[in-house]
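Structure first, then comments.
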Amino acid sequence: MSTSASTPRRRGPRRSLTREALVDAALDLLDEAGWAGFSLRAVGNRLGVDPNTLYTYVADRAALEREVAERVLAETDPAALEDVATPWRDRVLRYAGRLRATLLRHPGAARLLTTAPMDGPTALLIGERLMDALAEAGLDADDAARASYALMVQVLGAVLLEVAETDGRHPLPSEPERIAARRAGFDTVDAGAWPRTAAASATMAAWISGEQFTWSLDRLLDGLVPCS
């Protein structure tokens, strides 16, 4: 039986209530109900406890969001950025692809990474190793910091635009299905009024693809480190 984003299933306490179990439940809820269905009350309902009980384990919603963001980031394998035997550019592209893939598995958490405090140890590790890679590319400390921000904006922005065209719940339709739906939407474009849009509709339909994602990152890295 399916469950809408506004009415997530109520589940009894399947496990001992710990911080880890709380984060598990919060991420499960995001996967099932999407961002629109996420709240402390809904998490409490999922665990079968009064929402006020959650404050024993987290100070507030922001603290829970930080914990969930850390859990999601841990799934991206940040160690991929530490493999100094791999050229810096390959490390950055590989990690960016893993981050995208992880967020598409947890589409409800994609928005979370733009609202939650990104100051946990995993988030800091990723930022540090990304700046390491950019310093290896020849950027000074300030430019490496600016470039790392530009890269994260590109990655998160691209994923958010992908997720925005869905209900934000796991599992998303496959990439080919989502591209086909976008392509069908362009069929109504008046080629006489919008000739460039009509001519480029197949390319524009694939803006949400992995190919476009890599293309954008490649061009951004070319601009950040022209001699790479």
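The values are calculated or read from the model by the stated rules, or taken from the named source; none is laboratory data. This is a predicted model, so every value here is computed, not measured. Quick reminder, even Gly has a Cβ in these numbers, built from the backbone with ideal geometry, and neighbours come from all protein chains shown.
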Worksheet item: What do you reckon, is Arg129 surrounded by fewer than 18 Cβ atoms within 10 Å (Cβ to Cβ) and of a type in the set (Lys, Arg)?
Response: no
Worksheet item: Within the group Glu211, Glu136, Glu162, which residue is out of contact with any strand residue (DSSP E or B) (no Cβ under 7 Å at 6 or more places or on another chain) and buried (at least 18 other Cβ atoms within 10 Å of the Cβ)?
Response: Glu162
Worksheet, complete the sentence: Taking the stretch 216-227 and the residues there that are exposed (fewer than 13 other Cβ atoms within 10 Å of the Cβ) and either under 19 Å from Val163 (Cα atoms) or under 28 Å from the mean Cα position of the chain (by Cα) (or both), the one that is modelled with the lowest pLDDT would be Pro226
Worksheet item: Which of the following residues is over 18 Å from Thr214 (Cβ atoms), surrounded by fewer than 17 Cβ atoms within 10 Å (Cβ to Cβ), touching a helix residue (DSSP H, G or I) at 6+ places or on another chain (Cβ under 8 Å) and without any contact (Cβ under 8 Å) to a residue 60 or more places away in the chain: Ala191, Ala144?
Response: Ala191
Worksheet item: Name the residues in the stretch 172-184 that are out of contact with any Ser or Thr (no Cβ under 8 Å at 6 or more places or on another chain) and either without any contact (Cβ under 8 Å) to a residue 12 or more places away in the chain or small (Gly, Ala, Ser) (or both), would you?
Response: Ser174, Pro176, Glu177, Ala180, Ala181, Ala184
Worksheet item: Out of all the residues in the stretch 77-93, is one or more outside the structural domain of Trp35 (by TED's automatic domain parsing), on the phi > 0 side of the Ramachandran plot and modelled with pLDDT under 95?
Response: yes
